[in-house]
Structures are given as structure tokens and as C-alpha cells.
Amino acid sequence: MSIDIEDLAARIAAGERRALARGITLVESTRADHRAAAEALLGHLADPSRMALRVGLSGTPGVGKSSVIEALGLRLTGAGHRVAVLAVDPSSTRSGGSILGDKTRMERLSRDPHAFIRPSPAAAQLGGVARRTREAMMLCEAAGFDVVIVETVGVGQSETLVSRMTDVFLLLLAPAGGDELQGVKRGIMEIADLVLVNKADGDLAAQAMRTRADYAGALRLMRARDTDPEGIPAARTISALTGDGLSEAWAEVERLAAWRRESGVTARRRAAQAGQWFEDELRARIEALLSSDRAL
């Protein structure tokens, strides 16, 4: 099947969601001819002026990641933002399949004309993201979305790769989870910009406040990072059910993103991320060539 790259690029740049979905399908394909077409598409759409706020969000299963994203996304679109959600679903180790049910869990947001939700399988990729999440984010930026949220698989400590492709990383936790500070280990805590304790409502409100206090204390004991303003990293309580705390949490995200842009941190991080992406892609292609060479 021939692909008119220039036409597809023009439609994506015009914000056509169907074209964006097709473009992401193209960049996720492993076929050699599709890889070449995907590279041409990304080349056509390269535009430094279109730079979205990239937000990574991770958390343990059942913490309410999809509920938080939907509640937050509806607030953002209501405020005039265009929001893209790239949701990564775990893949079966036996069949290789994925449920890809995030759009059904974000039913209201999926119907919002100013939002775009794309579930993708993690396949064999580690780190909580899909193989082509970075390229999918670039396509969303080219389509005019000014906020791109990456929801990771959500299995705990391995969810660190998303921080290497986003501007702000949020860690979502639930109250009453047992030994709170053992729930998520130091590795992921060290890269979190905001720790958000969800379900701070009803009978769990008091426990959520205690959980937030525990994590706030733990964050203060960690080594300061030169990429953070005063008060970051921080722990906050939110409720996807009632909406409490969501506006304040997003204000923190915007404050952090603005500080990093103005101080040059975002530009340096994006440059480092591009270099890391090139290194990872080069390694993956060399490994693919070696594995396909029958003479070896």
C-alpha cells in the first residue's frame, strides 16, 4: 500500500485526528518500508516552534491513572488546551496481545473534540513505555496538541524510561497501601517531580493526608537536583472522583515547566533526550541486523 507522505503530513499539521492516528500506526510499524516512510513523515513535520508540554505519569496498578488523566484532561480542554494521551498497555508474555482498553476507561475524554487518546501495546519494551512513544509524541506536537500525557504500564520501579522523554514526571500513589514507603522504591522516587496521592476523599481522606506526609518527608531526605526550583519535588493529595487538588497539582506542573524553560533546563533535557534516542535507535538497528544475518 502506497502512502502519500506529503498529504499525510499536511493533514496531521492541520490537526486531523484520523490522520494523526494513521501516522502513529505508521511509526509503530516494524516493516522496513514503513520505517522509511515514518522517517520521511517525521522529517516533513519537524517544527521546533510546535513544542508541547510533555508529562509522564506512572503509578501502581489500580491507583486510578486513567481516572486522574480523564479528570485532569477535561479540565485542561475546558481551559482551552489541546490534550493528547498516549496510554501504554502491558502485553501478554504468552500471546503478545494487549487489551488496549484505556479509551473505554476515559470515555468522556475520548469524546472531547480537543483531546486525542491513543493506546499502544508495550510489547517487549521495558521501562513502561512503547517502542515508538517518543515518535508518537512528536506527531502529537506537530498536530497542534500543547499538552501530551504519557501514561505508563504501571508496574512499579521499572517505570523510569518515561522520565527520559518527558518534561515533568508525576508519580501517582494510593493511600492505605500497607507499608507506604516500600510501595514504590527509591529508583522511581528519585526521578519523580510530583508525588500525587489519589483517592483523597471519603473514608480515605485522612489516610491520604498521612501518606502524603510520609512521602513529603522521604522526598526531603533525597539529594537536591539542579533541575528543580524551590519546593520541588513535592507531594500532594488529589481526588479524581471529586476533583479536589487537581487544579493545584496542575499549577505546580506549570510552575515547574515554566521555571525549567526559563532557566534552560528544558532545552538541555530535550537535547540530551534526543542524543539518548539516537543512541538507543542505533543500538536497536545494529541488534536487528545482527539477529537477521544468517551468516552469523
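Would you kindly derive the ³J(HN,Hα) couplings of the range 162-173 from the backbone phi angles with the Karplus curve 6.51 cos²θ - 1.76 cosθ + 1.60 (θ = phi - 60°), listing them in order in whole Hz, with x for Gly and Pro?
Result, rounded to whole Hz: 4, 5, 8, 9, 10, 8, 9, 10, 10, 10, 9, 10.
Go through the range 198-212 residue by residue and turn each phi into a ³J(HN,Hα) via Karplus (6.51, -1.76, 1.60, θ = phi - 60°); whole Hz please, and just put x for glycine and proline.
Going residue by residue, I get 7, 6, 7, 8, x, 5, 8, 4, 5, 5, 5, 5, 5, 4, 4 Hz, with x marking Gly and Pro.
Using amide H atoms built in the peptide plane, which far-off residues or other-chain residues are under 5 Å from Ile117 H to H?
Val85
R0 = 30 Å: FRET efficiency of Ala32 with Ala10, Cβ-based, nearest 0.05?
For Ala32 and Ala10, the calculated efficiency is 0.75.
What do you reckon, how do Phe145, Phe278 stack up by accessible area (1.4 Å probe), largest on top?
Per-residue accessible area, sorted high to low, gives Phe278, Phe145.
Search the structure for amide H atoms under 5 Å from the amide H of Ala240, placed 1.01 Å from N in the peptide plane, and list their residues when 5 or more places away or on another chain.
So Ala240 has HN proximity to Lys199, Ala200.
Could you please put Arg118, Arg210, Arg17 in sequence from largest to smallest accessible area, using a 1.4 Å probe?
Largest accessible area first, the list is Arg210, Arg17, Arg118.
Taking H as built 1.01 Å from N, whose amide H comes closer than 5 Å to the amide H of Ala235, not counting residues under 5 places away?
Those lying under 5 Å, H to H, from Ala235 are Val195.
Give the carbon-plus-sulfur fraction of the accessible surface of the range 1-43 in %, rounded to a whole number; probe 1.4 Å, heavy atoms of protein chains only.
Ligands and nucleic acids excluded, carbon and sulfur reach 52 percent.
When the accessible area of the range 236-280 is split by element with a 1.4 Å probe, what percent falls to carbon and sulfur?
C and S fraction of accessible area: 58 percent.
Could you state the accessible area per residue of the range 167-290 in Å², with a 1.4 Å probe and every protein chain left in place?
I get 53 Å² per residue for the range 167-290.
The values are calculated or read from the model by the stated rules, or taken from the named source; none is laboratory data. Remember, it's a predicted structure, so these values are computed and weren't measured experimentally. Note: ideal-geometry Cβ built from the backbone for every residue, glycine included; neighbour counts use all protein chains shown. These accessible areas exclude ligands, DNA and RNA; they are computed on the full protein's heavy atoms, side chains included. Shrake-Rupley method; radii C 1.70, N 1.55, O 1.52, S 1.80 Å.
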